[in-house]
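Values quoted throughout were computed directly from the atomic coordinates according to the rules given, and no laboratory measurement underlies them. As the structure is a computational prediction, the values presented were derived from the model and not from experiment. A quick note on method: Cβ atoms are made from the backbone with ideal geometry, for glycine too, and the neighbour counts reach across all protein chains shown.
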Amino acid sequence: MNLNLVQFDEREQLRVLDQTQLPNREEYVTLSTADEVADAIRRLKVRGAPLIGICGAMGLYVAFRTLVEKDASDAASKLQSCAHIIANARPTAVNLAWAVNRMLARVAQLSDVGSILSALKAESLLIQQEEESTCEAIGRNGNTLIADGMGILTHCNAGLLATGRYGTALAPIYAARQSGKNIHVYADETRPLLQGARLTAYELTRNGVPTTLICDNMAASVMSQGKVQMVLVGCDRVAANGDTANKIGTLGVAILARHYGIPFYVCGPRSTFDPHCATGQDIVIEQRNPEEIRSAWYAEPMAPQECDIYNPSFDVTPHELITGYIREDGIITM
Ligand code: MRU
């Protein structure tokens, strides 16, 4: 499956696959300003920690170019303003701010607008390439833990749709299949936005990986029946002590895995590890619109209008519940 998730088009605008339309439609949207880039990230048209980093970097180049093409004066403050808008689109995944800051650092010593533009473009493409090879290495490392015949449970989507190629949590699964291992994936549907159903089940089945989609509340039952020998999840930010923010529901899966004695691995690039966050308590958790729970997906609301709704997008799994971290530089424990 070869989808161009984020790319420059012939007019040097940003063309992104709108993931909110999957699995039913492969539609692309074009972005040319910082507000459009931030909005696409906020609405999860582009999502997944590494991919929002890539989109933020490429989007910064496009947004800055759009502004200075009209008027090249005051370029430094235009760049800062684009960076601020894009970096703050979503708070939890560190990759977004990490990528934008790396872009700013790359051009910090430059003053000529032409040189800034070429450096921004080159750096954003480098970030995209690096994330690809990083994911391939995560796949290679994770595959060493996978035995023939295993059942593997995953939560949310940490696949190629979240990174560009291979994925993080799904990279070892693709690598295992490629090396001829017979495995079976259990994909949590991942309420409220159904990334497991709409995206993980979509990319795994399209890539020929035997997959069973389950509702989130079925994970315990599937584990109790001995169908799962390993859990692989992605991450949005890993604190210095190993506490890990990932899609809401990950914590519950980790607790279940510990109960059933199933290894629980977090897969992610080093760019998702944040040395500035000491523990999970320092990670800002994005709160999203209650309507995602009340009324998304169905023609009529699924809950009364007056009902209070809590909709955190991520939770934090304490490091004690994590067997290991599968990264591009190896498998580490904390
Ligand atoms: O809200 P989303 O869809 O961006 O959340 C995505 C996740 O939680 C992923 O597991 C995480 O970003 C890792 S993606 C390789």
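Things to note:
- Looking at region 171-289, the DSSP beta bridges with both ends there are about 20 percent antiparallel.
- FRET efficiency, residue 215 to residue 298 (Cβ-Cβ, R0 25 Å, nearest 0.05): 0.95
- Over region 70-115, all Cα pairs binned in 10 Å intervals from 0 give whole-percent P(r) values of 25, 51, 22, 3, listed from short to long.
- Working note: Karplus 6.51/-1.76/1.60 with θ = phi - 60° gives region 295-306 the couplings 9, 6, 5, 10, 5, 10, x, 9, 9, x, 4, 7 Hz, where Gly and Pro are set to x.
- Highest average first, the peptides 211-220, 262-271, 104-113 ordered by how many other beta carbon atoms sit within 10 Å of their residues are 262-271, 211-220, 104-113.
- Each Lys and Arg adds +1 at its Cβ and each Asp and Glu adds -1 at its Cβ; summed about the Cα centre, the chain shows a dipole of about 600 debye.
- Under-5 Å amide H pairs with residue 191, H placed in peptide plane, nonlocal only: 216
- q = 0.12, 0.14, 0.16, 0.23 Å⁻¹, region 261-325: log10 I(q)/I(0) [Debye, one scatterer per Cα]: -0.52, -0.65, -0.75, -0.99
- Alpha-carbon centroids, region 101-128 and region 256-273: separation in whole Å: 35
- Reachable lysines from residue 45, criterion Cα separation under 28 angstrom, eight or more residues apart if same chain: 70, 78, 121, 247
- Debye intensity ratio in log₁₀ form over the Cα atoms of region 216-259, taken at each q of 0.26, 0.31 Å⁻¹: -0.98, -1.20
- For residue 311, distant residues with modelled amide H under 5 Å away: 288
- Candidates 185, 209, 231: whichever shows maximal mean-square fluctuation once the chain is modelled as a Gaussian network with Cα springs under 10 Å: 209
- Cα shape, region 98-155, gyration tensor, a/c 1.5 rule: prolate
- Computed over the chain with a Gaussian network model linking Cα atoms closer than 10 Å, the most mobile of 280, 139, 180 is 180.
- Unit Cα scatterers, Debye sum, region 142-187: log10 I(q)/I(0) for q = 0.24, 0.27 Å⁻¹: -0.82, -0.99
- Of all lysines in the structure, those lying under 25 Å Cα to Cα from residue 181, and not within fewer than 8 positions of it along the same chain, are 227.
- Residue order, fewest to most beta carbons within 10 Å, for 27, 292: 27, 292
- In terms of the mean number of neighbouring beta-carbon atoms within 10 Å, the peptides 5-11, 83-89 order highest first as 83-89, 5-11.
- Which of 28, 51, 66, positive extreme of dipole for region 1-89 (C-beta unit charges): 51
- Translational diffusion coefficient (Stokes-Einstein; Kirkwood radius from C-alpha pairs) of the chain at 37 °C, 0.692 mPa s, in µm²/s: 162
- Test item: Cα-centred dipole of region 1-146, Lys/Arg +1 and Asp/Glu -1 on Cβ, debye: 340
- Net charge dipole size for region 183-334 [Lys, Arg +1 and Asp, Glu -1 on Cβ; Debye, nearest 20]: 500
- Among 308, 35, 71, residue whose mean-square fluctuation peaks in a GNM of the chain (springs only between Cα atoms under 10 Å): 308
- Translational diffusion coefficient (Stokes-Einstein; Kirkwood radius from C-alpha pairs) of region 173-259 at 10 °C, 1.306 mPa s, in µm²/s: 114
- Pairwise centroid distance, computed over Cα atoms, of region 143-217 with region 1-50, Å: 22
- Computed [θ] at 222 nm, helices only, for the chain once each DSSP H run of length n ≥ 4 contributes -39500 (n - 2.57): -11500 deg cm²/dmol
- Other-chain or far-sequence residues with amide H under 5 Å of residue 211's (modelled H): 185
- Nearest 10 degrees, 0 to 90: helix 49-70 Cα axis against the chain principal axis: 20
- Using C-alpha pairs below 8 Å separated by at least 6 residues, the relative contact order for region 143-238 is 35 percent.
- Relative to the dominant Cα principal axis of the chain, helix 250-260 is inclined by about 30°.
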